[in-house]
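Bear in mind that the values in this text are calculations on the coordinates, not laboratory data. The shown structure was predicted, so the numbers you read here are calculated from the model rather than taken from an experiment. A quick note on method: Cβ atoms are made from the backbone with ideal geometry, for glycine too, and the neighbour counts reach across all protein chains shown.
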Amino acid sequence: MTAESDRPIHIRHLEPADLLAVAELRWQWVLENDGTPSVGHAEFLAIFADWAAAHDTSHHCTVVTRGETVIGMAWLATVPRVPSSRAPVRASGDLQCVYVVPTERDSGIGGRMIAAVLAHAFEAGLERVTVQSTPGAVTAYERAGFAASARLLQATRPA
């Protein structure tokens, strides 16, 4: 019998059967990065499922599986942009909620998943893809081709 860790990984689009596993990954991401959730686990799973259904045309999820287990996710939010006379149809993307389970980190899986998301984004005609990174993941995004831009600015809500 083959151990789960010996199985190859697969990078693919989210399937409906993956939604609960992806919600669990998001729950774990919050626990690791943001601390105590403000809603209970069961309530969050319901909120996540409703959100995913409401945003299925603007947010595309890529998953990484090993065997039958979802071990990573990355969401690409697509935003239509104002048309120009040079490009009447424009869009950009924002890479969100990239997560790989701790036992699979530092193996190149995250980089392969990011590369798959970027390939999908540019094949779909997006002009650019941005990402807001946690401090520990900056180098992974830089290896994938992301670079700081002096022209990309952000404003945050006052505390």
Ignoring GluC sites (Glu not before Pro) buried by more than 15 other Cβ within 10 Å or outside DSSP loops, the longest site-free run in the chain is 1-67
Relative contact order %, region 41-118, counting alpha carbon pairs below 8 Å whose residues are six or more apart:
25
Counting as exposed only trypsin sites (Lys or Arg not before Pro) in DSSP loop states with no more than 10 other Cβ atoms inside 10 Å, the longest exposed-site-free span of the chain is 1-85
Could you please rank Leu152, Leu45, placing first whichever residue has the fewest other Cβ atoms within 10 Å of its Cβ?
Leu152, Leu45
Average the reciprocal distances over every distinct pair of alpha-carbons in the chain, invert the result, and give the Kirkwood radius in Å.
17.1
222 nm [θ] for the chain, helices only, -39500 (n - 2.57) per DSSP H run of 4+, per residue, to 500?
-10000 deg cm²/dmol
Kirkwood hydrodynamic radius, computed over distinct alpha-carbon pairs, for region 81-133: how many Å, to one decimal?
12.7
Relative contact order, percent, the chain [alpha-carbon distance under 8 Å, six or more residues apart]:
19
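Give me the tail of P(r) for region 103-159 as a percent: Cα-Cα pairs with distance above 14 Å.
Details: 1016 of 1596 pairs.
Tail of the P(r) past 14 Å holds 64 percent of the pairs.
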